[in-house]
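Asks: Let me begin by handing over the structure; questions about it come next.
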Amino acid sequence: AQKITQTQPGMFVQEKEAVTLDCTYDTSDPSYGLFWYKQPSSGEMIFLIYQGSYDQQNATEGRYSLNFQKARKSANLVISASQLGDSAMYFCAMRDARIKAAGNKLTFGGGTRVLVKP
Amino acid sequence: DTEVTQTPKHLVMGMTNKKSLKCEQHMGHRAMYWYKQKAKKPPELMFVYSYEKLSINESVPSRFSPECPNSSLLNLHLHALQPEDSALYLCASSQVGRLNTEAFFGQGTRLTVV
């Protein structure tokens, strides 16, 4: 069974600084995908970045990057140059290779609340 | 169009009421999902539809009844709910069978059962 762990329930970060959000996962499948989502207070889940288990390079999307350490089963999100609008809940999620059998199931970690201070 | 639209945004219902939540997408996605999210918790999967057929029911009580009338629409029918069912209900959609495809979420329906 899959398990996603986010050990930081909440974090403060100063505006314009970088912040790293931790995510560790456990799966027996060699093929899987890892996702990060942002959830502002409005409720909508916003997709940020994706990392595949066979991707050779760490994913980057604008100010978001992934520090993917496959052997350690970690996929930490780095947000550079934090902005006030980055204040939100952040969720790490996983989909494994049995996507058809599992119904394309996406499993979420417990989330990390980030508050950016001016 | 990369939107998932959920209606209503807010709903207050009594324990004897019957109501429905609606979700619509026009991205051609053939997988659609219902998630339930309590405050300060991650989304919990309730149901998954693949090609308009129910593929996953995560042991959800029968007072929640999903329906997928066509490839663009997903409903969640509610009947005889309990106060503990109050939560944010999120609908999502994605392509089927691709590992790297993200799920697109709607803004959710904030449900309060009184």
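Readers should treat all values here as calculations from the given coordinates under stated rules, not as data from a laboratory. What you see is a predicted model; the values in this text were computed from it and never measured. Cβ placement follows ideal geometry from the backbone for every residue including glycine, while neighbour counts extend to all protein chains displayed.
Asks: Taking K and R as +1 and D and E as -1, what net charge do the other residues with C-beta under 13 Å from the C-beta of B:Glu58 add up to?
Replies: +1
Asks: Name the residue from B:Val96, A:Ser41, A:Thr60 whose Cα lies farthest towards the positive end of the charge dipole of the protein assembly as shown, charges +1 on Cβ of Lys and Arg and -1 on Cβ of Asp and Glu.
Replies: Among B:Val96, A:Ser41, A:Thr60, the one farthest towards the positive end of the dipole of the protein assembly as shown is A:Ser41.
Asks: What does the net charge come to around B:Leu21 if you take all other residues with beta carbon closer than 14 Å to its beta carbon, with K and R at +1 and D and E at -1?
Replies: Neighbourhood net charge equals +4.
Asks: Can you give me the relative contact order of chain A as a percent, contacts being Cα pairs under 8 Å and 6 or more apart?
Replies: After rounding, I find 37 percent.
Asks: Relative to the Cα centre, what is the charge dipole magnitude of the stretch B:1-106, using +1 at the beta carbon of each Lys and Arg, -1 at the beta carbon of each Asp and Glu, and rounding to the nearest 20 debye? Mind dumping the intermediate values first?
Replies: Details: 12 positive and 10 negative charges, 49 e Å.
The calculated dipole for the stretch B:1-106 is roughly 240 debye.
Asks: Most exposed first by the Cβ proxy, i.e. fewest other Cβ within 10 Å, how do A:Ser28, B:Ser59 rank?
Replies: Sorted ascending by nearby Cβ count, the order is B:Ser59, A:Ser28.
Asks: Just checking the output field for A:35-45: average partner chain Cβ neighbours within 10 Å of each residue's Cβ?
Replies: On the way: counts 4, 1, 5, 0, 7, 0, 0, 3, 12, 8, 13.
For peptide A:35-45, the averaged partner shielding equals 5.
Asks: Same structure, new question: Taking Cα centroids, how far is the stretch B:42-101 from the stretch A:1-74 in Å?
Replies: Each part reduced to its Cα centre gives a spacing of 24 Å.
Asks: May I pose another question? Please average, across the residues of B:92-100, the number of beta carbons from any other chain that are within 10 Å of each residue's own beta carbon, and give a whole number.
Replies: Across B:92-100, the average partner-chain Cβ count within 10 Å equals 5.
Asks: Also, quick follow-up: May I ask you to derive the relative contact order of chain B, considering only C-alpha pairs under 8 Å and at least 6 residues apart, and to give it as an integer percent?
Replies: 37 percent
Asks: A further question on this structure: Modelling each spin label as a point 7 Å along the Cα-to-Cβ direction, I'd like the B:His79/B:Glu67 distance in nm, to one decimal.
Replies: 1.0 nm
Asks: Got a sec? How would B:Cys68, B:Cys23 order by Cβ neighbour count within 10 Å, fewest to most? Show your work: numbers first, answer last.
Replies: On the way: B:Cys68 19, B:Cys23 27.
In increasing order of surrounding Cβ atoms, one gets B:Cys68, B:Cys23.
Asks: Are there cysteines in the protein assembly as shown with no second cysteine's Cβ under 4.7 Å away, and if so, which?
Replies: B:Cys68
Asks: Would you mind ranking A:Val116, B:Val60, B:Val114 by Cβ crowding within 10 Å, fewest neighbours first? Walk me through the numbers before you get to the answer.
Replies: Numbers: A:Val116 20, B:Val60 17, B:Val114 10.
Final ranking by Cβ density, sparse to dense: B:Val114, B:Val60, A:Val116.
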